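A.B. asks: The following block contains the structure, expressed as C-alpha cells.
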Amino acid sequence: MKKLIAAALTASMIFSMSAMTLCAEEGGTLVMATNAEFPPYEYHEGDDIVGIDAEIAAAIAEDLGMTLEIQDMAFDSILAAVQSGKADIGVAGMTVTEDRLKNVSFSDTYAEAAQVIIVTEDSEIAGPDDLVGKYIGVQLGTTGDLYSEDIEDATIERYNKGFEAVQSLIQNKIDAVIIDREPAKVFVEENEGLKILDEAFTEEEYAIAIAKDNTELLDKVNASLADLKESGKLQEIIDKYINTDTDNSEEADTEAVSEEATETESAAE
Ligand code: GLN
C-alpha cells in the first residue's frame, strides 16, 4: 500500500513538474531541446553544451527570469518534445518550413542560413545541377534530407549526425554532403581535402520552435529576441562564434536577421 501511495505521489510530482515546464513562468525552468552536434550553433565542450543557440536561449531565459535547462536529443525528436510539452523551446539551428509550421509555432527568425554542398577537392561536382544520379549524405530529418529528395535519380544516405555524413564523404562512400552552411564550414576546416561549393542548395532562416498552444511563451520569446536584436547582443553572440575575418566569401557571412525583416516570417496560425 505504502508503495502504491509513493508511486502515486511520484507520478503526481512528475505531472506537476511537467505542468510547471509548460507554463514557463518567471522563476521556473525554461527547457530547451536541441541536438548538440551542430557547431557553431550547438556542440559539446567538455560537459557543457555551448554555441550560438545555447547563448541565445540563455539570454532569453535570463530576460524571462528563468533558469535554462538544455536537453540533448536526436534532431528528429526535437519537434515532438516541444509539441508534447517535454521541452518549452526547440533551438537547434532549426529552419522554418511549411511542414513544421503545421505542428509547431516559430518565433521571429534570428539568423539567415543555407544548405550548402560539400564535396572532395577533386570532385567533378561543381554545382547543384551536377548532383543528379549521385550518392548524397544528409542528416536525418533536416531540411537537407527533405530537399535532397527532389534531386533526380540521387541516392540519399541519412546519418544521425552531420559529422558522420562528412566522414562517409572522406571515405569516398558518397559523392556529396548537403548540410547547413556554418557547420559545413566547421567540418571542412577540421578535415583536409574538402570544399564547399559556391552556389548554395537552398536559402533558409532559423527560428525557435514553440508549442502551438503556448502563445504566451511565443510572445515572450519574440519580445526577448527583439530586445537582443535591438541591443546588438544577438549579433555579438553570432560574432563570437562565427569569425567573419577569416571568411573569404562575402556571401557566407552570417548576420542576425533584422527586426523589420522578420515580421512577416513570424509564427504560425
Ligand atoms: N537547419 C536544418 C533543419 O532545420 C538542420 C538543423 C540541424 O541539423 N540542427 O532541418
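The values are calculated or read from the model by the stated rules, or taken from the named source; none is laboratory data. Here the structure is a predicted model, which means the values were calculated and not measured. Cβ: placed from backbone, ideal geometry, glycine included. Neighbour counts: every protein chain shown.
A.B. asks: Take the conditions within 16 Å of the ligand (Cβ to nearest atom) and under 18 Å from Val166 (Cβ atoms) and apply them to Phe106. Does it pass?
C.D. replies: So Phe106 does not fit the description; no.
A.B. asks: State which residue is modelled with the highest pLDDT when the search covers only segment 227-269 and only residues that are within 18 Å of the chain's Cα centre (by Cα), among the charged types (D, E, K, R) and part of a loop (DSSP other than H, G, I, E, B).
C.D. replies: Glu255
A.B. asks: Going through segment 106-125 one residue at a time, which ones are within 18 Å of the chain's Cα centre (by Cα) and either surrounded by fewer than 18 Cβ atoms within 10 Å (Cβ to Cβ) or within 21 Å of Val91 (Cβ to Cβ) (or both)?
C.D. replies: Passing the criteria: Phe106, Ser107, Asp108, Thr109, Tyr110, Ala111, Glu112, Ala113, Ala114, Gln115.
A.B. asks: Could you tell me whether Val177 is within 13 Å of the ligand (Cβ to nearest atom), among the β-branched types (Val, Ile, Thr), touching a helix residue (DSSP H, G or I) at 6+ places or on another chain (Cβ under 9 Å) and closer than 20 Å to Phe38 by Cα?
C.D. replies: For Val177, the condition - within 13 Å of the ligand (Cβ to nearest atom), among the β-branched types (Val, Ile, Thr), touching a helix residue (DSSP H, G or I) at 6+ places or on another chain (Cβ under 9 Å) and closer than 20 Å to Phe38 by Cα - is met.
A.B. asks: Tell me, which strands (runs of 3 or more DSSP E) wholly within segment 164-226 include 3 or more residues that are more than 25 Å from Ala58 (Cβ to Cβ)?
C.D. replies: The strands (runs of 3 or more DSSP E) meeting that bar are 176-180, 194-196.
A.B. asks: Continuing with this model, one more query. Can you pull out every residue in segment 145-163 that is free of Cβ contacts under 8 Å to residues at least 24 places away in the same chain and in a loop (DSSP other than H, G, I, E, B)?
C.D. replies: Glu149, Asp150, Ile151, Glu152, Asp153, Ala154
Yes/no matrix, rows are residues, columns are (1) within 11 Å of the ligand (Cβ to nearest atom); (2) under 24 Å from Tyr43 (Cβ atoms):
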| position | (1), (2) |
| --- | --- |
| Gly127 | no, no |
| Asp130 | no, no |
| Tyr135 | no, no |
| Gly141 | yes, yes |
| Ser148 | no, yes |
| Ile151 | no, no |
| Ile156 | no, no |
| Lys161 | yes, yes |
| Glu164 | no, yes |
